[in-house]
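K.L.:
What follows is a structure written as structure tokens; I'll ask about it next.
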Amino acid sequence: MSIVLTTQCRDDVGLIAKITGLCFEHNLNIVRNNEFVDKAGERFFMRTELTGDVSERFLPQLRSVLPDGAQVHLHGSEKTKVVLLATKEAHCLGGMLLKQYENAFNVEIQAVIANYDTLKPLVEGFGVPFHLVSHQGLTREQHDDAMAKVIEHYQPDFIGLAKYMRVLSPEFVARFSNQIINIHHSFLPAFIGAKPYHQAFERGVKIIGATAHFVNDELDEGPIIMQDITQVSHADSAEAMAKMGRDIEKVVFCKAIGLAAEHKLFINGNKTVVFA
């Protein structure tokens, strides 16, 4: 059975040798390995794909040879559980549902929660549970609490904001710390608010793109997971730019969730380490 070992700790001498040596002692075969050292932050990151039978002694022994506070985890072949939040836009949500339908990545979409019922037929057409949690008549905190209670029923590994168009409260973000992945166009902070593509068109921009990131208390400023862009020209209308933007958002969002599902993401302060 294929297993993924993820390691994050303070940098030190001989860490790779200690980890791989212990794998050898336990008769575990390394089929792929990625490592990175943040020299400025003195942090070590490693993702190791293994085959073999892991004993209960492996992780305790590994922690004993690594620096204090090391974060080590073993991940089996089980699918990564994801709950998606949505509003009315279908492109990112539809992309994720299609990826699951095609069995294209290691994700189980447990449910979709939305504050409008617009996307209910799309979601249920893929056999995924849909929950309407309306924000009408509720404060932001009350609505977030109602959403959180539904989410906690599923106990997901990650929460994907599939163009969920509401600002999350600090309490909600803290409740699911380092689990929430968002997607937005890459014009921020230049073009804030409604109709960003029309603003970009008026400025004559030549590239448009999308950014996927983890969510923190700073609006749209959490650790970036990945980005992509495409070229536009004077001949492209604002509507054409918006269509291209939706396509990029869909691709980047799905890739970011896929990276999380394959345990290829590490949060490193206000940045990420991504093993593609």
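K.L.:
If a residue must be polar (S, T, N, Q) and either in contact with a Ser or Thr (Cβ under 6 Å, 6 or more places away or on another chain) or more than 13 Å from Ala86 (Cβ to Cβ) (or both), how many such residues does the range 116-133 contain?
P.N.:
0
K.L.:
Can you tell which of Leu5, Leu59 is closer than 19 Å to Phe266 by Cβ, open to solvent by less than 50 Å² (accessible area, probe 1.4 Å) and in a helix (DSSP H, G or I)?
P.N.:
After ruling out the rest, the residue left standing is Leu59.
K.L.:
Of (1) at pLDDT 95 or above; (2) in contact with a strand residue (DSSP E or B) (Cβ under 9 Å, 6 or more places away or on another chain), Asn106 satisfies all except one. Which?
P.N.:
(1)
K.L.:
What pairs come up if the first residue lies in the range 213-227 and is farther than 17 Å from Leu265 by Cα, the second is not charged (D, E, K, R), and their beta carbons are under 6 Å apart, counting only those six or more places apart or on different chains?
P.N.:
Asp217/Pro170; Asp217/Val173; Asp220/His184; Asp220/Leu188
K.L.:
Hey, can you tell me all the residues within the range 248-276 that are among the charged types (D, E, K, R) and open to solvent by 40 Å² or more (accessible area, probe 1.4 Å)?
P.N.:
Across the range 248-276, the qualifying residues are Lys250, Lys255, Glu262, Lys271.
K.L.:
(1) at pLDDT 95 or above; (2) in contact with a Ser or Thr (Cβ under 6 Å, 6 or more places away or on another chain); (3) farther than 30 Å from Arg47 by Cα: which one isn't true of Ile225, the others all being true?
P.N.:
Among (1) at pLDDT 95 or above; (2) in contact with a Ser or Thr (Cβ under 6 Å, 6 or more places away or on another chain); (3) farther than 30 Å from Arg47 by Cα, Ile225 violates only (3).
K.L.:
Output the number of residues of the range 193-220 satisfying the condition of being assigned to a strand (DSSP E or B) and not hydrophobic (A, V, I, L, M, F, W, C).
P.N.:
Total satisfying the criteria: 3.
K.L.:
Further question on the same structure: Test of understanding: among Gly41, Gly69, Gly14, which residue is within 25 Å of Val215 (Cα to Cα), loosely packed, with under 11 Cβ neighbours inside 10 Å and not assigned by the TED database to the domain that holds His184?
P.N.:
Step by step, each of Gly41, Gly69, Gly14 is checked, and only Gly69 is within 25 Å of Val215 (Cα to Cα), loosely packed, with under 11 Cβ neighbours inside 10 Å and not assigned by the TED database to the domain that holds His184.
K.L.:
Another question, if that's okay. Are any residues in the range 134-184 aromatic (Phe, Trp, Tyr) and within 13 Å of His213 (Cα to Cα), and if so, which ones?
P.N.:
Phe158
K.L.:
Moving on. Does Ile225 satisfy the condition of being assigned by the TED database to the domain that holds Glu152, buried (at least 20 other Cβ atoms within 10 Å of the Cβ), over 18 Å from Ala86 (Cβ atoms) and within 12 Å of the chain's Cα centre (by Cα)?
P.N.:
yes
Conditions (1) touching a residue at least 24 places away in the same chain (Cβ under 8 Å); (2) within 29 Å of Glu78 (Cβ to Cβ); (3) under 20 Å from the mean Cα position of the chain (by Cα), marked per residue:
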{"position": "Phe105", "(1), (2), (3)": "yes, yes, yes"}
{"position": "Phe130", "(1), (2), (3)": "no, yes, no"}
{"position": "Leu138", "(1), (2), (3)": "no, no, no"}
{"position": "Met147", "(1), (2), (3)": "yes, yes, yes"}
{"position": "Phe172", "(1), (2), (3)": "yes, yes, yes"}
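K.L.:
Given the criterion at pLDDT 95 or above and either within 24 Å of Val72 (Cβ to Cβ) or not basic (Lys, Arg) (or both), identify the matching residue among Ile192, Ile267, Ile208.
P.N.:
Exactly one residue qualifies, and that residue is Ile267.
K.L.:
Can you tell me which residue among Pro196, Pro223 is farther than 30 Å from Gln155 by Cβ and of a type outside the set (Val, Ile, Thr)?
P.N.:
One residue alone meets the criteria, Pro196.
K.L.:
Hey, any hits in the range 76-89 for a residue that's under 19 Å from His184 (Cα atoms), in the same structural domain as Glu249 (by the TED database), open to solvent by 20 Å² or more (accessible area, probe 1.4 Å) and not β-branched (Val, Ile, Thr)?
P.N.:
Yes: one or more hits.
K.L.:
Name the residue that is least open to solvent (accessible area, probe 1.4 Å), counting only residues in the range 233-247 that are of a type outside the set (Gly, Ala, Ser) and in contact (Cβ under 8 Å) with a residue 60 or more places away in the chain.
P.N.:
Of everything passing the filter in the range 233-247, Asp247 is least open to solvent (accessible area, probe 1.4 Å).
K.L.:
Further question on the same structure: Of the residues in the range 17-37, how many are open to solvent by 40 Å² or more (accessible area, probe 1.4 Å), closer than 11 Å to Leu50 by Cβ and either among the aliphatic types (A, V, I, L, M) or not in a helix (DSSP H, G or I) (or both)?
P.N.:
Adding up the residues that qualify gives 6.
K.L.:
Continuing with the same structure: I want to confirm something. Restricting to the range 123-164 and keeping residues that are of a type in the set (A, V, I, L, M) and out of contact with any strand residue (DSSP E or B) (no Cβ under 9 Å at 6 or more places or on another chain), which single residue is farthest from Gln100 (Cα to Cα)?
P.N.:
Leu138
The values are calculated or read from the model by the stated rules, or taken from the named source; none is laboratory data. Note that the coordinates shown come from a computational prediction; the quantities given were computed from them, not determined experimentally. So basically every Cβ, Gly included, is an ideal-geometry build from the backbone, and we count neighbours across all protein chains shown. The accessibility values were calculated without ligands, DNA or RNA, using every heavy atom of the protein model including side chains. Shrake-Rupley method; radii C 1.70, N 1.55, O 1.52, S 1.80 Å.
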